[in-house]
Structures are given as C-alpha cells and as structure tokens.
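Report on one structure; see the data block that follows.
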Amino acid sequence: MRSLQRAAVVLVLLSPWEPTPALAASSPGARRRYESIFSLGDSFTDTGNNPAVFAWYSIPDPVTRPPYGSTFFGRPTGRNCDGRLIIDFIAEALGLPYVPPYLGPPFGSPPASSGGSFRRGASLAVGGATALDAAFFRSRGILPAPSKFPLNASLSVQLDWFESHLKPSLCRTTTQECEELLGRSLFFVGEFGVNDYLFALGKMSLQGIRSVVVPSIVQTIRQAIERLIITHGAKAVVVPGVIPLGCSPPVLFLFPEPDPAEYDAKTGCMPRHNELGRHHNAALQESLKELRAKHHGVSIVYADFFGPVMDMVESPRKLGFREDVLSVCCGGGHGKYNYNISVPCGDANASTCSRPSASLYWDGVHFTEAANRHISRSWLSSIS
C-alpha cells in the first residue's frame, strides 16, 4: 500500500519566454481577448494547490522542496515542474498574470475570504486529481481502503469549489456583472484522465479500461463542460486530451511489457498503452464535436496533448532535447529512465540533471519547463 501511495504522489521551468504573437495584446492599451483564466485539472495545470490538499491527508509532498521551481521562479511554488507550466505560458501570451492557486500560497492556506484576488483567474486543479470520484475506484476494488488515494479533489469536487465558494465571491453585485466576467474568461477543463488510468493500470486490463473507464471519464468531462456553459455562462472552454501513457517513465517502470517485442523499436515506448491514450482522445473529441453542435456561440477547443509530446519523443534532437528522452531529469533511479518510485525528485537522495532544458521529463510523468513551452505553442495555436 505504501508503494501505491508513493506512486500516486509521483503521478500527481530555462531560457527567456518568447511571446506568441497570435494571442498577445497588440498594444498596451488594447482590449484583451480574455480577462481571466480559470482551470480545473490535475498536476499539469495545478499552480500550487496540491501541497494544501496533500496536507489534509498528512501525505508528504516533495514539490514543496528544491529543486522544484529552480529554473524560473527560484523556489518551489507547488508546481510539479522545474519552472513554468503550460498554463503559465498561455497566461503570458494572453497578457494575463500567472493563474494563482485557489488554496494558496502559502502552502496549506485556506481559500481567500475575498475573491477580489481571483477576478483575474484561479487554478482549482490539484496534483493527483482524477476525473472520476473516489466511489468509482472503491466500488471496483481498484483503490480499496485504507488507501488515501484517490484524493477528494476530483473534477466534480473542483467544480463544486468553483460553484459554492469561488463564484459567489466573484459575483457580489449584479448578475450581469458576473455574466460579463465569466463570459470574458477562458476555462480549462483538464487535463483529466491520466491519474484515473494510472490508478486503473495493474488492476484492470487495457481492454477493461477502454470499455469501462474511458467512457466514464469522457462523460464526466462532458457534464462538467455543460455545467460551466449552462449554469455559469462560460463562452470559451479549452479541453486537453491525455498524454501518450506508453512513453511516460512511471508507466514504463511500473507496468513493463513482458515481451520486449511489445516496445516500439524507435522510441522505446509501449504502443498498447499509447493506444489507450489515442482511444481516450478520439472519444473526447467526438463528445466535444457534439457539444459544439449543441451550444452555438461557445468556443469549445480541444487541446492536443498527445501529439506535441510524441513529437519530442520521436525527434528529440530536432527540438533541442537529449537522445535518452525517456529518462527523467530529477529522480533517484538508475538505468534508462532514472526513475525510482521510492526516491522521488525533492528527496535528499535524488539527483538533478545539469541541463533541465534538454530533458523532456522532469520528475516522472511531469514535463520540464522547456517541454511545457513547446506544448503551449500548439495549444495557443488551437485557441487562436
């Protein structure tokens, strides 16, 4: 059980930023396309909530220790990265401040009593969060008690935080003001799904995950998007797909294929696990297509997470990364992945590579700032 909890913790920035012209304000006095960003998700968009949530469960969180944040912020910020996340680059390109975490800082702080500081946006995302509620995993014996995972920070829980606490603090005057504020906001719903699949792997077959877990996740995401549109008047929603799980160091380490022939000869990834990601993304895109047809006047954007990561895996040198692209920069392991579930990044016995900007993976499933910059360019192109 302890190894499972460590795995969940693990699963849960280097050169100056170059602005993306497509979405940057044309002049200092120009009206921005969006006035704020609100994000629901997991560690890929969590700007500092997970230390607070982990503290609720008395779970140590290595992201509160160096070398997290060392590349850009100069200190740990609660981000699962050496610097900026994808959402940070998007905020910069939109001319907005970095999206603050709803539960901090400082780490462990309760939600602000006044929403004034969140009128430019907030991240409700939590590292380790799942799309599906804990009951889904408990009822199927995937994560039975006394496991503390999955944390009570699923998509529906984050949406409840937004509806019950954050939105009322933002909308204290007229209904029209609230509609205008949220109508000029960019909402991120996800990434969701990676943690669900990581928890299910080893407990269910890949076919079982495809037939049971994937449809449940896609339906949950769809329902959340409709709540944002119908109940809260969201006009712009970005929905990321999932990463290629078969190229993720923790998956490669924890769930290896028994037959060497099952690995891609060129990349070293596991194609069967990558097919799970492709299946999820195809189902998600089909659901978003139906939502667009139903909600005219609302921008519902699919953000490709899979493709940009595969680009870096397949052509690392071309994009500025080292050849052993599946090896993490910060960890306590050895061998081709430099991954050790018992010695996470931030541990006294972990080591950090000399050039994080040349690495794709930072600490396991999470990406370096350099990789996040590359992914953000693709997402910004889709948003524009």
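The set of residues from the stretch 339-363 being under 28 Å from residue 317 (Cβ atoms), out of contact with any helix residue (DSSP H, G or I) (no Cβ under 6 Å at 6 or more places or on another chain) and among the small types (Gly, Ala, Ser) comprises 350, 351, 354, 358, 359. Among residues of the stretch 140-159 that are on the phi > 0 side of the Ramachandran plot, those with a beta-carbon under 8 Å from a residue that is in a loop (DSSP other than H, G, I, E, B) at least six positions away or on a different chain give the pairs 141/203. Taking the condition of being out of contact with any Ser or Thr (no Cβ under 8 Å at 6 or more places or on another chain) and crowded, with 24+ Cβ neighbours inside 10 Å, how many residues in the stretch 357-370 meet it? The qualifying residues number 2. The conditions of being in a loop (DSSP other than H, G, I, E, B) and surrounded by 14 or more Cβ atoms within 10 Å (Cβ to Cβ) are met by residue 322.
Please determine, by comparing only the residues of the stretch 235-293 that are small (Gly, Ala, Ser) and within 23 Å of residue 315 (Cα to Cα), which one is most open to solvent (accessible area, probe 1.4 Å).
265
Specify the residue that is nearest to the chain's Cα centre (by Cα); the eligible residues are those in the stretch 196-229 that are basic (Lys, Arg) and part of a helix (DSSP H, G or I). Outline the logic, then answer.
Pass one, the stretch 196-229, residues basic (Lys, Arg): 203, 210, 222, 227.
Among the residues that remain, those that are also part of a helix (DSSP H, G or I) are: 210, 222, 227.
Details: 210: 21, 222: 17, 227: 20 Å.
That would be 222.
Only a single item in (1) at negative phi; (2) in contact with a helix residue (DSSP H, G or I) (Cβ under 7 Å, 6 or more places away or on another chain); (3) surrounded by 20 or more Cβ atoms within 10 Å (Cβ to Cβ); (4) not acidic (Asp, Glu) is not met by residue 378, and it is number (3). Looking only at residues of the stretch 271-311 that are acidic (Asp, Glu) and assigned to a helix (DSSP H, G or I), we find that the one that is nearest to residue 236 (Cα to Cα) is 290. Identify, please: which residue in the stretch 50-68 is part of a loop (DSSP other than H, G, I, E, B) and touching a helix residue (DSSP H, G or I) at 6+ places or on another chain (Cβ under 9 Å) and is, among those, most open to solvent (accessible area, probe 1.4 Å)? That would be 60. Can you confirm whether residue 339 is under 14 Å from residue 247 (Cα atoms) and either out of contact with any His (no Cβ under 8 Å at 6 or more places or on another chain) or surrounded by fewer than 20 Cβ atoms within 10 Å (Cβ to Cβ) (or both)? Yes: the conditions hold for residue 339. Taking the criterion of being under 25 Å from residue 181 (Cα atoms), at pLDDT below 90 and surrounded by 17 or more Cβ atoms within 10 Å (Cβ to Cβ), the only residue of the stretch 75-110 that qualifies is 104.
Let me spell it out: the conditions are (1) modelled with pLDDT of 95 or more; (2) crowded, with 16+ Cβ neighbours inside 10 Å; (3) closer than 28 Å to residue 382 by Cβ, and residue 215 meets all of them except one. Which number is the exception? Condition (2) is where residue 215 drops out. Counting only helices (runs of 4 or more DSSP H) wholly contained in the stretch 111-193, the ones carrying 1 or more residues that are in contact with a strand residue (DSSP E or B) (Cβ under 7 Å, 6 or more places away or on another chain) and modelled with pLDDT of 95 or more occupy 155-161. The lone criterion from (1) at pLDDT below 95; (2) in a loop (DSSP other than H, G, I, E, B) left unmet by residue 71 is number (1).
The values are calculated or read from the model by the stated rules, or taken from the named source; none is laboratory data. Worth saying up front: this structure is predicted, and the values here are computed from it rather than measured. Because the Cβ atoms are built from the backbone with ideal geometry, glycine has one as well, and the counts that use them run over all protein chains shown. Remember, those area values only see protein heavy atoms, side chains included, never the ligands or the DNA or RNA. Shrake-Rupley method; radii C 1.70, N 1.55, O 1.52, S 1.80 Å.
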